[in-house]
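The values are calculated or read from the model by the stated rules, or taken from the named source; none is laboratory data. Everything numeric here is computed off the predicted structure, so don't read it as measured data. Neighbour counts run over all protein chains shown; Cβ positions are idealised from the backbone, glycine included. Note: areas computed on protein heavy atoms with side chains; ligands, DNA, RNA excluded. Shrake-Rupley method; radii C 1.70, N 1.55, O 1.52, S 1.80 Å.
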Amino acid sequence: MRELQAAVLNETQRLGASYADVRIVTTKTQSIGTKNGEVEVVTSGDECGFGVRVLFGGAWGFACSNILDMNEAVNVARTAVKIAQASATALKHPVRLTAVERGEAVYTNDYKTDPFSIPIEAKISLLLDVDKLLRTDKKIAVARANLYCRRNQTYFGSSEGSHFYQDILETGAGMSATAVDGGDVERRSYPNSMGGQCGTRGWELVEELNMAGNADRVRDEAVALLTAPICASGRTTVIIDGTQMALQVHESIGHPTELDRILGMEASFAGTSFVNPDMLGKFKYGSEIVNVTADATIPGALGSFGFDDEGVPAQRSEIITAGVLTGVLTSRETASSIGRTSNGAMRADGWNRIPLIRMTNINLLPGDRTFDELVADTDDGLYLETNKSWSIDDKRINFQFATEIAWEIKNGKLGRMLRRPNYTGITPQFWNSCDAICDAGHWTVWGTPNCGKGEPMQIAHVAHGAAPARFRDVQVGVGR
Amino acid sequence: MNRQDEMEAAIAKALAQSGADETEILAFQSATALTRVANSEIHQNVAETNSVISVRAIFDNQIGTASTNRPEVDAIATAVKTAVDNAKVSPRVNDWPGLPEFPVITDDKRAAATRECTPGKRADLIHEALTLAKNNKLTMAGALETSETTVFIGNSHSGVSRSSLTDVDVNMVLMDFDSSGYAAWIGRDLNELDMTELGRRAAGKAAAGRRPQDLPPGAYTVILEPAAVADMLSFLAYVGLGALSVQEKQSFMAGHFGERLVDEKIAFWDDGTDPRTQGIPFDYEGVPKEKVVFFEKGVATRVVYDTRTAAREGGKSTGHALPAPNTHGPLPTNLFLEPGRLKLDEMIASTANGVLVTRFHYTNIEEPMRAVLTGMTRDGTFLIENGAVGAGLKNLRFTQSILDALSAVAAVGSELTLVNAFLGTCCCPALKIDNFHFTGISDT
């Protein structure tokens, strides 16, 4: 690996690049899924390649290849420089990188049991046991259970003399039951929708989920939803569960505080942000109990790592402090525009993509209430669980989410189940209406393995620590 | 031997040596380059060379899959062995119909100008749009992508088919401080790209949208330009026009074939063989693509099938399989909506009060059975007053059943545009729709 890196860096230096880095990445995956008593997916993947990023004349170029040999290394280095030279013809602001400490390091995440060491037969058996429990009611038309594991190894080297090796292991699992009756379809998922829970952990994550122990409830709720009343339209108090709060944080805090979006770098595709740098230290993003961090150092969380993909060490930084916007996600290129250094948020979706500013673990810090206290303290409202649909505008200000299920809250008690709940809001108004957050005992870091951004598209593995939280005067039942 | 011949030979050799009852190998060889603009400068500029080889092995009705991106013969053989190993530990499936036999097809739709495009040529094209943006005192963001791809599919019962194609995909947003305009183009041949014309369209929208006004939520007559129509139709296809969703009774089509579900002005189909679209002539099981009509005069007629969903109904695949393994079943990726008689200007002239929508953003599905979607407008939303385009509007949120919207079609545009949609491509005209529900507004 070092020889290939040296070949790339020598060639880019010879051609006059002012900076270059090379990432050699190998990825091993395994994915298993069952559906209605059969194995739907048993697949294994192996992928490798290298990507070269260069600065020439203050402009970026990037080229990459799946062929790992010395000739290809030199050719790809030359292509990257040619591309940067073309970029330089339409350059207004030459790139300046903030300083990063040069070094050599190794990072490997902790885990108890390597999920690749568990026999595939045992994994299938676990999922089929869950599947069987989910299908004991005839109204369940589709039962699904799934798990995956992934090992990502990155060898990074830069012209500044930094070298690191990073080995990250991920595991994830989940299940869902879809009930059908006539023209009605309702689904419940556990522990989360979109594939379940995932993290930089080992097989212990799957064991702790206890999917079989939750299958009866998931099945029964899916069936009960078929005959539940439809959530009515109106403005009310909502308590949002931790899994949905994770996505609420993702869409309405995580993305709008990416500095590349703020600076217009994603304007044509993902969009920009209602946030601007002048708001730092002033803008009241949320109520005083809203505290949000970007923390890539949380053990086991999906957005944790040792170094980002331009060699900046993982960090914990404040994004919102007592309701005020105090930080944004930055890179070495963008941080200088706000007079800061990178907080280590440049991440690439593999060897064939450039690093972009991505979320790490963006966390709504816990409050001081138990869930029971929160419900008891709510006269009238809804408790919303498990994301079903998400949408937000290109400036990240007008959002609308649907959840799989809602429960009425009347006089401090959970009441009837309701189906097809949704809610909408305006980002700062919504976060300023937050008047209670559950405590650390209800707080979980939820993995989000499907965050899309960039052209060509990149999928990032990020996470969000969240607990149930309460919001006042929220519009629900949109479109009724 | 060139790269394509080497890959075809490697696939044929791996199939012959597999040892499984049935083996399928799907491979992609690609070279892609993309130049990205923001704040009127090139800020990202990338090129990728890659191969992806996926293997499906069947052993006594046990199925396993594996993939690699290493094109060497040894690496493909290892992937075959892994797929076989995965199959051997997987329980038998009950209704496996076998891999399909297909006629071997060799297809080449590559355009030289696209294949030979250099970073310098992409930069020159970007400069054309940048100049236009500068002359109009607008800021440009966008991307220009060129790619060359060869798709190979082979299995134990047939030979190896292959299809080579080139693609050009351009999008741009030209922005003022309170408005923006969008234009996009896809095609095979870079020589057909007119960046200046795209820039003019985007600039016109940005200029017309300055000082945007509020519009209260409510039901309005809308004219959706092709990008917005394609987004809507693509989601409709995703939620309900594949056989698996019908068989599992999770599609709005289930139990309603032969009924009129949308306005009689709507004829909607998928046809990967139509030269006006982009794509390969066979699906990811090797089966030649067929034209499948979903709605004829508004009446629900048919959905698309792959080999397994077709066998469940005693039929044949329509050539709409996705790469294995997939959990969605077959899906249509070359959509067409039949054009009507009115040009966009005539549709606007026929509208006393309404909203003109350039495109939607971040659309998502709230209720699949009624095809209820929500999303936002962006980069060019305008009031229509007395038959003319009026003031720009702040972006609006819609929450709308697409089946209801297609039941309220007042007019279908006469001009087809090929759009890169959520699900493949969609070749469609503008639509005028009554009673379209906007449920919110963006503050910016």
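One residue alone among B:A66, B:A77, B:A20 is over 25 Å from A:V76 (Cα atoms) and part of a helix (DSSP H, G or I), and that residue is B:A77.
Are there any pairs, at least 6 apart or on different chains, whose C-beta atoms fall under 7 Å, with the first in region B:28-41 and farther than 16 Å from A:E455 by Cβ and facing chain A (nearest Cβ under 7 Å) and the second part of a strand (DSSP E or B) and open to solvent by less than 10 Å² (accessible area, probe 1.4 Å), and if so, which? Taking only residues 6 or more apart or on different chains, the pairs are B:S40/B:M140. Condition first: modelled with pLDDT of 95 or more and under 15 Å from the mean Cα position of the chain (by Cα). Can you find one or more residues in region B:247-267 that meet it? No, the conditions are met nowhere in region B:247-267. Whenever a residue of region B:100-122 is over 14 Å from B:T150 (Cβ atoms), its partners that are open to solvent by 60 Å² or more (accessible area, probe 1.4 Å) and not in a strand (DSSP E or B), lying with C-beta atoms within less than 7 angstrom and at least six residues away or across chains, give the pairs B:E101/B:H157; B:A113/B:N191; B:P119/A:K82. Starting from residues that are over 19 Å from the mean Cα position of the chain (by Cα) and among the charged types (D, E, K, R), keep the ones in region B:323-369 and report whichever is farthest from the other protein chains (Cβ to nearest Cβ). If we take residues in region B:323-369 being over 19 Å from the mean Cα position of the chain (by Cα) and among the charged types (D, E, K, R), then B:R341 is farthest from the other protein chains (Cβ to nearest Cβ).
The condition (being of a type in the set (S, T, N, Q) and either under 20 Å from the mean Cα position of the chain (by Cα) or more than 30 Å from B:A10 (Cβ to Cβ) (or both)) is satisfied by just one residue among B:N155, B:N191: B:N191.
When region A:385-437 is filtered for residues that are open to solvent by 10 Å² or more (accessible area, probe 1.4 Å), small (G, A, S) and touching a residue at least 60 places away in the same chain (Cβ under 8 Å), only A:S433 remains. Do the conditions hold for B:A66, that is, is it at the interface with chain A (Cβ under 7 Å from one of its Cβ atoms), closer than 22 Å to B:R308 by Cβ, buried (at least 22 other Cβ atoms within 10 Å of the Cβ) and of a type in the set (A, V, I, L, M)? Judged against the criteria, B:A66 is a match. Counting only strands (runs of 3 or more DSSP E) that sit wholly inside region A:325-442, those with at least 3 residues that are under 21 Å from A:R235 (Cα atoms) and more than 11 Å from chain B (Cβ to nearest Cβ) are A:380-392, A:398-410, A:413-418, A:434-437. For region A:38-55, name all the residues that are buried (at least 24 other Cβ atoms within 10 Å of the Cβ) and either outside the structural domain of A:T27 (by TED's automatic domain parsing) or within 29 Å of A:N71 (Cβ to Cβ) (or both). Selection gives A:G49, A:F50, A:G51, A:V52, A:R53, A:V54, A:L55.
Selection of region A:159-192 for residues being surrounded by fewer than 21 Cβ atoms within 10 Å (Cβ to Cβ), away from chain B (no Cβ under 14 Å) and of a type outside the set (V, I, T) yields A:S159, A:E160, A:G161, A:S162, A:H163, A:F164, A:Y165, A:D167, A:P191. Scanning for something open to solvent by 40 Å² or more (accessible area, probe 1.4 Å) and within 19 Å of B:N334 (Cβ to Cβ), does region B:427-444 turn up at least one residue? Scanning region B:427-444 turns up no residue that is open to solvent by 40 Å² or more (accessible area, probe 1.4 Å) and within 19 Å of B:N334 (Cβ to Cβ). When region B:160-214 is limited to residues that are of a type in the set (A, V, I, L, M, F, W, C), in contact (Cβ under 8 Å) with a residue 60 or more places away in the chain and in a strand (DSSP E or B), the one that is farthest from B:V104 (Cα to Cα) turns out to be B:V173. Restricting region B:102-128 to residues that are crowded, with 20+ Cβ neighbours inside 10 Å and not in a helix (DSSP H, G or I), the residue that is farthest from the other protein chains (Cβ to nearest Cβ) is B:F102.
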